[in-house]
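Please treat every number below as a calculation from the coordinates, not as lab data. Because the structure is a prediction, the values reported are computed rather than measured. Note: ideal-geometry Cβ built from the backbone for every residue, glycine included; neighbour counts use all protein chains shown.
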Amino acid sequence: MGCVVTAHLYLGSDRSLRGCLFSAESFAHPAKLHLGFLRWLGNEYTTPGQHVADPMGGVGSAFLLALEQRDVTVLDVEPRWLALAHDNAARIHRAAGLFAGRMAVIQHDARQPWPVRPDVALFSPPYACRAGTNAATRRSVFNRRAKLLNSGVLSNRWKELVVKIDAQPGALGAELFHYGAHPDQIGHLRSGRYWDAMGEVYRRAHEALPVGGLMILVIKDHIRDGRRVHVCDETVARVTGLGFDLAARHARHLEQLSLWQRRRREQGLLVVEEEEALVFRRAA
């Protein structure tokens, strides 16, 4: 069977839904799964009672599928995000009650053998964060954020969120929109180190999934040195070499660009305005 390709999906903002079901602190994660896209993929590729795992789960956006009777396990290495994932699982449980699927949160490095055997792995690999953990980068991030806070661009709601998160024990401060500082964090790796790390994650997914099981990656290209880096195509090439077949590609139009992307577009610079869901099926 050939690969199914869809035209751009226009799913609107998920801000209202996230605000209703997830904690305000969850907005600080730099790469949250779009809830509308997540729900669309869940309806297309999973059924009630199936077990869905997000091995790079962040704040637990995948728990949205528990509202539709999927069992969901979220794994991540960062204690900060895991704490929010626990909180968000509790919020989903209160919203759905006895009708929710089972939910679990586990601290785990996705490059190691997975402690679960899901029917579907659905996750968003890191792909565009440029922050690092060295002192110079921290100062740069802090200075840019300070200018932004004082520019009048951010609403009072966003300013209040910044202050609230900074006040949390163990908060990353200037690294508000930073993947984290755990030594096993993949989000800040670049080039060969990034691909080596993600190759291990994809191999572990192949081990954990049954024959015919699905791995769905929500990912997008990015811009580096003024040129488009074709992360999606590179991911397809690498994953299909590990025993997966590409079953489908779906693109979602990014209706809400980040502040930095909007500034680039205003300057006539290249901007990536879509993300893709790459659907792989584990071959025998």
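Coupling constants for the range 89-100 follow from the phi torsions by the Karplus curve (6.51 cos²θ - 1.76 cosθ + 1.60, θ = phi - 60°), and in residue order they are 4, 5, 5, 5, 4, 5, 6, 9, x, 5, 8, 6 Hz; glycine and proline get x.
Hey, can you rank 75-84, 267-276 by average C-beta count inside 10 Å, highest first? Mind dumping the intermediate values first?
Working: 75-84: 21.8, 267-276: 14.5.
Put in order of decreasing packing, that is 75-84, 267-276.
Relative to the current alpha-carbon distance between ALA237 and ALA24, full extension at 0.36 nm per residue lengthens the span by 72.9 nm. Backbone geometry of the range 246-254 corresponds, through the Karplus equation with coefficients 6.51, -1.76 and 1.60 at θ = phi - 60°, to 3J(HN,Hα) couplings of 6, 9, 6, 10, 10, 10, 10, 6, 8 Hz, x marking Gly and Pro. Would you mind pulling out the separation of the Cα centroids of the range 1-64 and the range 213-249, in Å? Result: 18 Å between the Cα centres.
Once backbone amide H atoms are built at 1.01 Å from N, LYS220 has GLU276 as its partners under 5 Å, excluding neighbours fewer than 5 places away on the same chain.
Between amide H atoms placed 1.01 Å from N, distances below 5 Å from GLY101 occur with LEU67, GLU68, GLN69, ARG70, all of them 5 or more places distant or on a separate chain. For GLY213, the residues 5 or more places off, or on other chains, whose built amide H falls under 5 Å of its own are ARG282.
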